[in-house]
1. Based on Cβ point charges of +1 for Lys and Arg and -1 for Asp and Glu, what charge dipole magnitude is obtained for the chain about its Cα centre, in debye rounded to the nearest 20?
2. So what is the calculated 222 nm ellipticity per residue for the chain, using -39500 (n - 2.57) for each DSSP H run with n of 4 or more, over all residues, to the nearest 500 deg cm²/dmol?
3. Describe numerically, in nm with one decimal, the distance between label points set 7 Å from Cα along Cα→Cβ at ARG94 and at ALA143.
4. Can you say what percent of the DSSP beta bridges in the chain, counting only those with both residues inside, are antiparallel? Round to 5.
5. Rounded if a/c is under 1.5, else prolate if a/b is larger than b/c, else oblate: which is the chain, with a ≥ b ≥ c the root eigenvalues of its Cα gyration tensor?
6. Could you check how many percent of all C-alpha pairs in the stretch 9-87 are farther apart than 15 Å?
7. Could you sort out which of LYS23/LYS102; LYS23/LYS172; LYS72/LYS120 sit more than 26 Å apart by Cα distance in this structure?
8. Explain nothing, just the number: relative contact order of the chain, from Cα pairs under 8 Å at least 6 residues apart, as a whole percent.
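Readers should treat all values here as calculations from the given coordinates under stated rules, not as data from a laboratory. Just so you know, these numbers come straight off a predicted model, no measurement behind them. FYI the Cβ positions are ideal-geometry reconstructions off the backbone, even for glycines, and counts take in every protein chain you see.
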Amino acid sequence: MKDAKVDDQDTLRSLSALEERQKIAANKVPGVRTVLVVLSAKGMVFDVEALRHRILAVYPDSAIFFRSTSGKPLGVASPQSVDLLVDFTGPGQRQGWFYSRKLRRMAKFAVGRNAGLFRKRIYDRVFDEAGPVASSLPSDFLAREGVAQREVLALGGIAVVPTASVTEDRSKTIALHLPPLAHE
């Protein structure tokens, strides 16, 4: 895609979104039947039903369970073993000392944020927002949470790439580029 010469900005945006979606699809975990999502205590960009919809789009036959950062189930309690753990717990959020280790023992595959207590070593894939990516993250807290949560979902193979976007209104300029009408 990068080799082709494309001048249209809309086409470039669509092609980059398609490339990003393909990269995320490569992270898909095979054989997922149960998913446990640990929600962030400070701010959630997606509501529970939106997360459920996005996860079911990638893992259609899976059962999805939610927990708070403190470990309380939201809705139906999760089983003692799950196939995929998605942990949105961020740095500075209160959590039990070894709760991340307990979550890791429950899951066959774990993705999350580097929020301390050796998560970088115990989780399979970790988004480290304090590393070299820190300078490119937005300074607004909710926007920063949005980027971090999208990256964690991408590590689990769950795409949150917009498929369509609103383009600028060109209705007034289109007529200027048309050839004049022939008068008879």
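1. On the way: 27 positive and 20 negative charges, 277 e Å.
Here the chain has a charge dipole of around 1340 debye.
2. -9500 deg cm²/dmol
3. 3.0
4. Counting DSSP beta bridges with both partners in the chain, the antiparallel share is about 10 percent.
5. Values: a/c = 2.53, a/b = 2.23, b/c = 1.14.
Prolate shape, in that a/c is at least 1.5 and a/b is the bigger ratio.
6. Result for the distance tail: 63 percent.
7. LYS23/LYS102; LYS23/LYS172
8. 24
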